[in-house]
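Here's the structure we're looking at; comments come further down.
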Amino acid sequence: MNQLGAMLMLWLLPLRLDPVSVVGVALIGAADEKSELASLQEITDNLRTRLEINPIVQVTLVDHNPLVMSVETLGGRIGPFVITVDRDFISELGHDEIEASIAHELGHVWIYTHHPYIQTERLANEVAMRVIRRSAFEPVYEKVWRRTGIRGNLSEFIGPGNQQ
Ligand SMILES: [Zn+2]
């Protein structure tokens, strides 16, 4: 896998995070962060329903995620899944961009729970684009690339797009 492929990627390893620590992250934040987290969770739940993903997907905010955003499972195919979000990165995103980036991670979950053998960034975005317009992903990747200092090829990640 190249470095570009690592961005916004899924951690497929069935790491067993301590569920208590995940809850702890949600509980110890300041009031602002609680509402931010609640907002992220609401967006996630809404998109999860629209993408017809059954397992629970929880969002956590962390001070630094080298992948910017990532998702992992606490219990294999049946989850629950945890999306880990870099606090500074998400603060740079507008609402539509937040939706697009979470939909991307849910795209990985969808693949993992439906067709786990073909996990790619492109496919995660194809799933996400069932509910999010393609153009919302462009500024997200711009911000990822600015943050990481590595520029990728947009069409590699979200396809060539239509004439519009
Ligand atoms: Zn990804």
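The values are calculated or read from the model by the stated rules, or taken from the named source; none is laboratory data. Everything quoted here is computed from the prediction, not taken from an experiment. Using ideal geometry, Cβ is built from the backbone for each residue, glycine included, and neighbour counts are taken over all protein chains shown.
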Candidate set from the stretch 73-99 (those that are more than 10 Å from the chain's Cα centre (by Cα) and part of a strand (DSSP E or B)); member that is nearest to W145 (Cα to Cα)
D86
What are the residues in the stretch 74-85 that are within 16 Å of the ligand (Cβ to nearest atom) and either modelled with pLDDT under 95 or among the aliphatic types (A, V, I, L, M) (or both), if any?
V82, I83, V85
First in the stretch 81-101 and among the polar types (S, T, N, Q), second anywhere and surrounded by 15 or more Cβ atoms within 10 Å (Cβ to Cβ), Cβ under 6 Å, 6 or more apart
T84/T60; T84/N65; T84/S70; S101/M69; S101/V140
Identify, please: which residue in the stretch 60-72 is within 11 Å of the chain's Cα centre (by Cα) and not in a strand (DSSP E or B) and is, among those, modelled with the highest pLDDT?
V68
Out of the residues in the stretch 55-70 that are within 16 Å of the ligand (Cβ to nearest atom) and of a type in the set (A, V, I, L, M, F, W, C), state the one that is surrounded by the fewest Cβ atoms within 10 Å (Cβ to Cβ).
L67
In the stretch 104-132, anything part of a loop (DSSP other than H, G, I, E, B) and more than 9 Å from the ligand (Cβ to nearest atom) is listed as H115, P116, Y117, I118, M129, R130, V131, I132
Filtered residue count, the stretch 139-163, keeping only those that are closer than 17 Å to M69 by Cβ and surrounded by 15 or more Cβ atoms within 10 Å (Cβ to Cβ)
10
Could you grab me the full set of residues in the stretch 114-130 that are crowded, with 18+ Cβ neighbours inside 10 Å and under 20 Å from T49 (Cα atoms)?
A124, N125, V127, A128, M129
Out of (1) within 14 Å of the chain's Cα centre (by Cα); (2) in contact (Cβ under 8 Å) with a residue 60 or more places away in the chain, the one T113 does not meet is (1)
